[in-house]
Every structure is written in structure tokens, then in C-alpha cells.
Amino acid sequence: PMPKKQSTPTPTPNPKESWNNMADMVIREGNKRGYHGETLAKQKALESAFGSSQFARERNNYGGMGAYDSDPNQAFAYDSPEQYLYGKGKRGETSYFDLIEKDPRYKKAFANRGDSKKYLLALKEAGYASDPDYVWKVLNTPLKK
């Protein structure tokens, strides 16, 4: 008789592993585009609580794209982390890299993308983040959970 086939349990997503994969992707893609990749990974770690925020989990939105202090629920939704980084949202919303590379507000940040501190300061000056300690927090966020 044929041996009974073992049923394999459905793997439960491991949030730590899933965040580490996201961080690796951000670093790779960022470096390829001339950014300081590790700084981008720290930025996304801070903004998404290492991928555990509601927007990261439910919308693949790792940076609160489209979420404003006045109405955070307007945050964009993406089909995948890749779409968030360099694709389009479910309704054609912009990706993170498109925002930085094409929005005139972030021209100075883009020009300084290889320098962590100058990049973050330029983002802050352009209104990207409202937290007065944003630059310090990003620079002091660990890369991986």
C-alpha cells in the first residue's frame, strides 16, 4: 500500500522574518537607486513599527503614504511591499520611490539621497514628517527587529 501522505501545516507568517525580508528589499532597491539603503530601511522600520503597524499589515503601506495627521485613515493601500516601494497603489497611488524622485517638494532630499542625515533633514524640511525628532529617531532606529 502507498504510504499515507503527511499533511503539512499552513505556515503562519513570521512577522520578524517578514520584516527582515522587507528591510533587505528596501536596502537592495535603495542602494541600486543611489540612496543610503540602510537609512531607508531604518526609516521604514520606524514608520511601520518593523512592519507591525496596521497600515503595513493591512495595506502593505510601510510609511503611512497618504495618511495625514488630520485623517490617517486616508492611507493608501498596496497589493504588496514591492508595490509600496516602486509600483502603484490599488487605485494608482504613488509609490515611495516615485514620491521622492518625482514630487518637486522632495527635489532637495532626492539630490541628497546618498547622505543619510542630509536626506532626512531635507525630507523633514519639505514636510514629509511632522515629528520634530523625526531625523534623530530614524538615525537611531535599529535596522532589524
Query raised in the report: Within the range 8-16, can one find any residue that is open to solvent by 60 Å² or more (accessible area, probe 1.4 Å), of a type outside the set (Val, Ile, Thr), modelled with pLDDT under 95 and closer than 19 Å to Thr141 by Cβ?
Result: yes
Report summary line: Of the residues in the range 114-145 that are of a type in the set (Lys, Arg) and assigned to a helix (DSSP H, G or I), the one that is surrounded by the most Cβ atoms within 10 Å (Cβ to Cβ) is Lys124
Requested in this report: Could you list, in sequence order, all residues of the range 28-42 that are open to solvent by less than 70 Å² (accessible area, probe 1.4 Å) and farther than 16 Å from Ser95 by Cα?
Outcome: Gly34, Gly37, Thr39, Lys42
Query raised in the report: Which of the residues belonging to the range 63-96 are among the polar types (S, T, N, Q), closer than 18 Å to Gly51 by Cβ and either open to solvent by less than 20 Å² (accessible area, probe 1.4 Å) or more than 14 Å from the chain's Cα centre (by Cα) (or both)?
Result: Ser95
Report task. Consider only pairs whose beta carbons are under 8 Å apart and that are at least six residues apart or on different chains; among these, list those whose first residue lies in the range 115-138 and is closer than 18 Å to Arg105 by Cα and of a type in the set (Val, Ile, Thr) and whose second residue is part of a helix (DSSP H, G or I) and open to solvent by 80 Å² or more (accessible area, probe 1.4 Å). Result -> Val135/Lys117
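The values are calculated or read from the model by the stated rules, or taken from the named source; none is laboratory data. Please read these numbers as outputs of a predicted model, since none were measured by experiment. Note that each Cβ is placed from the backbone with ideal geometry, even for glycine, and that neighbours are counted across all protein chains shown. Note: areas computed on protein heavy atoms with side chains; ligands, DNA, RNA excluded. Shrake-Rupley method; radii C 1.70, N 1.55, O 1.52, S 1.80 Å.
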